[in-house]
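The values are calculated or read from the model by the stated rules, or taken from the named source; none is laboratory data. Not measured: the values here are computed from a predicted model. For neighbour counting, all protein chains shown are included, and Cβ atoms are generated from backbone atoms with ideal geometry for every residue, glycine included.
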Amino acid sequence: MAETTKTATLTLDGKSYDLPVHSPTLGPDVLDIRKLYAEADVFTFDPGFTSTASCESTITYIDGDKGELLHRGDSIEELAKHSHYLEVCYLLLYGELPTAAQLDDFTGRVTRHTMVHEQMHYFFRGFRRDSHPMATMVGVVGAMSAFYHDSLDISDPWQREVAAIRMIAKLPTIAAMAYKYSIGQPFVYPKNSLDYAGNFLHMCFSIPAEDYVVNPILSKAMDRIMMLHADHEQNASTSTVRLAGSSGANPFACIAAGIACLWGPAHGGANQACLEMLKEIGTVDRIPEFVAKAKDKNSGFRLMGFGHRVYKNFDPRATVMKESADEVLGLLGVDNNPLLQVAKELERIALSDDYFISKKLYPNVDFYSGIILEAMGFPTSMFTPIFAISRTVGWISQWKEMIADKNQKIGRPRQLYVGETHRSYVDVRHR
Ligand code: SDX
């Protein structure tokens with residue numbers, strides 16, 4: 001528990017209430033209001049949770065003003081430069097970077113869980129071929145609890161560990177199967193001789209009729225994209241996973257709930273929406289028209305890939321992603337990609353516009369990722385599934401932290417009720 005360093009006093013209707021103030025290792029102090037309703041018979045009101053800490057965590061720290069993102073204290077910039085996705089998974093899950101032996105053992109455990117139960121192939125066949133891969137993933141990941149009965153008991157640390165490894169290992173396989181199913185190609189089994197990112201590319205792009213060799217440039221870029229999306233504090237989908245888990249739901253059901261929440265265009269669906277927006281803009285000369293629309297409150301239009309609840313400065317992941325876009329498209333010989341030119345010019349124009357400056361709107365992690373994914377050959381419908389693969393380790397790490405918290409209880413917010421007061425039933429003949 002954080003240290004309680006001082007007290008805040010609330011005065012209401014002539015009475016005073018002392019609220020403990022907890023000091024974190026990083027970030028703002030926290031007012032502890034847990035006893036407020038019992039003592040003062042009042043609720044607090046914070047619909048978007050803009051000023052609410054929902055839990056105590058040691059996993060990820062974000063400083064929105066500094067544009068800082070730490071995973072267990074390691075900066076995302078250093079991890080992106082020196083680490084790789086499975087090592088970041090270990091760091092998020094267990095709290096420390098692994099030794100060579102620990103990493104080897106962890107990689108081996110994940111690798112040996114990449115196949116899915118063969119019966120799952122038939123489960124896919126119930127979906128229409130034109131289903132969005134996110135729809136398929138929500139269904140199939142939730143259905144994992146129908147196949148893996150030996151990792152459902154959340155009170156058993158061993159079963160929690162197996163469920164975590166299974167989901168990290170199988171999400172790429174399930175996402176690749178959703179993609180193959182949507183394009184009418186046969187499922188491709190994982191290949192344990194390939195690394196995590198390379199195996200995902202193999203399962204998406206290889207076909208039985210030809211040999212497929214993983215392009216190391218694409219594999220490295222995919223691994224970096226996965227690292228940049230691994231975890232992000234108490235975002236909407238992580239909060240969904242925690243809330244689902246607080247009821248004691250099995251881990252597969254909780255991750256399926258997180259995937260469902262991530263799908264929204266305000267959250268993980270923004271990478272697909274952003275690329276579709278860049279395509280709609282099409283050329284640099286049309287950018288002013290779209291910037292004007294984004295500034296017009298009545299248009300309902302927002303620049304996808306811009307803005308963030310926490311980052312009121314640059315999103316450090318977007319900076320790394322932009323460098324990666326330049327590098328990957330250059331290596332692929334498509335650095336004159338018109339979408340990349342539109343994105344860079346849109347960023348330049350927006351960042352010099354008073355509207356975006358005043359509202360502290362900067363490109364976020366979704367602004368450049370789609371350009372790289374499209375250059376790799378993915379359709380926009382696969383962008384959010386790739387985000388879901390990457391974030392699975394963050395969801396699971398946060399879920400494990402919550403389950404292990406001895407103070408954990410079911411999440412059950414209250415409300416500010418402004419509806420009808422008591423009234424009597426009126427028979428239909430008199431309405
Ligand atoms: C992710 O939380 C996380 O950590 C998420 C994430 C993660 O890793 O888990 O980082 C991943 O979801 C990134 C965000 C992806 N979403 C988008 O790119 C969609 C476009 N952006 C937005 O819709 C918006 O910026 C949010 C949802 C990201 C943040 O919304 P907030 O913090 O609730 O801010 P807001 O909606 O209250 O906007 C503040 C003001 C508003 O104007 P006013 O009402 O104050 O006049 O800024 C405006 C908004 O209209 N605004 C935008 C804008 N985003 C906010 N105007 C134009 N274009 C935008 N993109």
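Some values worked out for this structure:
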item: Count - residues of the stretch 321-347 that are under 23 Å from the mean Cα position of the chain (by Cα) and not in a helix (DSSP H, G or I); result: 0
item: Breaking point among (1) under 27 Å from THR319 (Cβ atoms); (2) over 19 Å from the mean Cα position of the chain (by Cα), for GLY108; result: (1)
item: Output for the stretch 307-320, where each listed residue is away from the ligand (no atom under 12 Å from the Cβ) and either closer than 19 Å to LEU79 by Cα or more than 24 Å from the chain's Cα centre (by Cα) (or both); result: PHE314, THR319, VAL320
item: Any chance ALA404 is modelled with pLDDT of 90 or more and small (Gly, Ala, Ser); result: yes
item: One residue from LYS409, LYS344, LYS322, LYS360 being farther than 21 Å from LEU303 by Cβ, basic (Lys, Arg) and surrounded by fewer than 24 Cβ atoms within 10 Å (Cβ to Cβ); result: LYS409
item: Matching option when the condition is touching a helix residue (DSSP H, G or I) at 6+ places or on another chain (Cβ under 7 Å) and either on the phi > 0 side of the Ramachandran plot or modelled with pLDDT of 95 or more (or both), among ILE165, ILE217, ILE154, ILE183; result: ILE165
item: Single residue of the stretch 148-171 satisfying the filter (under 19 Å from the mean Cα position of the chain (by Cα) and closer than 17 Å to GLN119 by Cβ) that is surrounded by the fewest Cβ atoms within 10 Å (Cβ to Cβ); result: ARG166
item: Residue match in the stretch 106-122 (condition: modelled with pLDDT of 95 or more and touching a Gly at 6+ places or on another chain (Cβ under 8 Å)); result: no
item: Residue, farthest from the chain's Cα centre (by Cα), within the stretch 348-387, restricted to residues that are among the charged types (D, E, K, R) and part of a helix (DSSP H, G or I); result: ASP354
item: Residue satisfying condition, being of a type in the set (A, V, I, L, M), in contact with a Leu (Cβ under 6 Å, 6 or more places away or on another chain), surrounded by 19 or more Cβ atoms within 10 Å (Cβ to Cβ) and within 24 Å of CYS261 (Cβ to Cβ), within set VAL88, VAL116; result: VAL88
item: The stretch 75-105, residues that are hydrophobic (A, V, I, L, M, F, W, C), under 23 Å from the mean Cα position of the chain (by Cα) and not in a loop (DSSP other than H, G, I, E, B); result: ILE76, LEU79, ALA80, LEU86, VAL88, CYS89, LEU91, LEU92, LEU93
item: Flag for SER369 being closer than 22 Å to GLY67 by Cα and either away from the ligand (no atom under 16 Å from the Cβ) or touching a helix residue (DSSP H, G or I) at 6+ places or on another chain (Cβ under 8 Å) (or both); result: yes
item: Selection count where residues are in contact (Cβ under 8 Å) with a residue 12 or more places away in the chain and exposed (fewer than 14 other Cβ atoms within 10 Å of the Cβ), scope the stretch 13-26; result: 4
item: Single match in GLY333, GLY377 (criterion: out of contact with any Leu (no Cβ under 8 Å at 6 or more places or on another chain), more than 9 Å from the ligand (Cβ to nearest atom), on the phi > 0 side of the Ramachandran plot and modelled with pLDDT under 90); result: GLY333
item: Failed condition for HIS202, given (1) within 27 Å of PRO413 (Cα to Cα); (2) part of a helix (DSSP H, G or I); result: (1)
item: Total residues in the stretch 53-66, condition part of a loop (DSSP other than H, G, I, E, B), surrounded by 14 or more Cβ atoms within 10 Å (Cβ to Cβ) and β-branched (Val, Ile, Thr); result: 1
item: Residues of the stretch 27-58 satisfying the condition of being without any contact (Cβ under 8 Å) to a residue 40 or more places away in the chain and either of a type in the set (S, T, N, Q) or in contact with an Asp or Glu (Cβ under 6 Å, 6 or more places away or on another chain) (or both); result: THR44, SER51, THR52
item: Complete set of residues in the stretch 219-228 that are away from the ligand (no atom under 16 Å from the Cβ) and surrounded by 21 or more Cβ atoms within 10 Å (Cβ to Cβ); result: ALA221, MET222, ASP223
